[in-house]
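In what follows, a structure is listed as structure tokens, so that the remarks can point back to it.
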Amino acid sequence: MNSKILIVDDEKNIVELVRLYLDKEGYKTICAYSGTEALELFKSQSPNLIILDIMLPEMDGWQVCKEIRKNSEVPIIMLTAKSDTFDKVLGLELGADDYMTKPFEAKELLARVKAVLRRTETQESPSNKEVRFKNLSVNIENYELRINSKIVEAPPKEIELLYFLASHPNKVYTREQLLEKVWGFDYFGDSRTVDVHIKRLREKLDGVDANCQLETVWGVGYKFKVRE
């Protein structure tokens, strides 16, 4: 196991605890104690996963995540001292793969690290990497969403979710199925994550084409509806 993990937190005791657990499991670890240092190490060390605290000096975790997502899909697990849904939702919207609330059990964090790495390392590349409809295209290879021929910025998970649903038009999926297919069967979040991403996608797709849209099937889940 040679995955390299970047641990970012200004609390040195937390960094040391996480580092010890990860080192024991055979991971390579590098540590940063501020947002700017995290970005420098990300660029120079190319980690396979980042554990990122939100409250950081110089540049907070939100900004760090946003900067990284401009050119990388490296998995990010965010740490927050707050249990507010807003913090969790914001992290997911910015492109985080998972989140944990402090204080946390190191063993649970380790389990999440393994789960996220397992998903990203074993995920097969789709044979057809782009789906196209009138005024809409989703490319999963370069994570590009185009609406009316213009690129629209969207977090990786929104693009992955839209690509999956659009690749299976008119087929209904439950929230649990979408969590399994898009986030991975061992994702630790809850089904509200899907609702948040669907809501944000609808805002982006509003008015694209009346013949293809994200539709709620009440009591079941969601589908990408395409009218002939």
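The values are calculated or read from the model by the stated rules, or taken from the named source; none is laboratory data. What you see is a predicted model; the values in this text were computed from it and never measured. We place every Cβ from the backbone using ideal geometry, glycine too, and count neighbours over all the protein chains shown. Each accessible area value is taken on the protein alone, full model and side chains, heavy atoms only, with ligands, DNA and RNA left out. Shrake-Rupley method; radii C 1.70, N 1.55, O 1.52, S 1.80 Å.
Can you name the residue in region 62-90 that is more than 18 Å from S34 (Cα to Cα) and among the hydroxyl-bearing types (S, T, Y) and is also modelled with the highest pLDDT among such residues?
So the residue we want is S72.
How about region 32-62: which of its residues are open to solvent by 30 Å² or more (accessible area, probe 1.4 Å) and out of contact with any helix residue (DSSP H, G or I) (no Cβ under 8 Å at 6 or more places or on another chain)?
T36, E37, E40, L41, K43, S44, Q45, S46
One line per residue, one yes/no per condition, for (1) modelled with pLDDT under 90; (2) within 27 Å of V113 (Cβ to Cβ); (3) under 17 Å from the mean Cα position of the chain (by Cα); (4) open to solvent by 70 Å² or more (accessible area, probe 1.4 Å):
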{"position": "I159", "(1), (2), (3), (4)": "no, yes, yes, no"}
{"position": "Y163", "(1), (2), (3), (4)": "no, yes, yes, no"}
{"position": "E176", "(1), (2), (3), (4)": "yes, yes, yes, yes"}
{"position": "E180", "(1), (2), (3), (4)": "yes, yes, yes, yes"}
{"position": "G184", "(1), (2), (3), (4)": "yes, yes, yes, no"}
{"position": "A210", "(1), (2), (3), (4)": "yes, no, no, yes"}
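Would you tally the residues in region 63-74 being touching a helix residue (DSSP H, G or I) at 6+ places or on another chain (Cβ under 7 Å) and either among the β-branched types (V, I, T) or open to solvent by 10 Å² or more (accessible area, probe 1.4 Å) (or both)?
So in region 63-74, the residues touching a helix residue (DSSP H, G or I) at 6+ places or on another chain (Cβ under 7 Å) come out as 63-69, 73-74.
Imposing the further condition that a residue be either among the β-branched types (V, I, T) or open to solvent by 10 Å² or more (accessible area, probe 1.4 Å) (or both) reduces the set to 63-64, 66-69, 73-74.
Final tally of qualifying residues: 8.
Could you list, ordered by first residue, the pairs with Cβ atoms under 7 Å in which the first is in region 141-158 and among the aromatic types (F, W, Y) and the second is modelled with pLDDT of 90 or more, at least 6 apart or interchain?
Pairs found: Y143/I159.
Please go through region 187-205 and give me each residue that is at pLDDT 85 or above and open to solvent by 40 Å² or more (accessible area, probe 1.4 Å), ordered by number.
D195, K199, R200, R202, E203, K204
Filter region 141-157 for residues that are among the aliphatic types (A, V, I, L, M) and closer than 20 Å to C65 by Cα; which is most open to solvent (accessible area, probe 1.4 Å)?
Within region 141-157, the subset among the aliphatic types (A, V, I, L, M) is 145, 147, 151-152, 154.
Checking which are closer than 20 Å to C65 by Cα leaves us with 145, 152, 154.
On the way: L145: 3, V152: 41, A154: 24 Å².
Among residues in region 141-157 that are among the aliphatic types (A, V, I, L, M) and closer than 20 Å to C65 by Cα, the one most open to solvent (accessible area, probe 1.4 Å) is V152.
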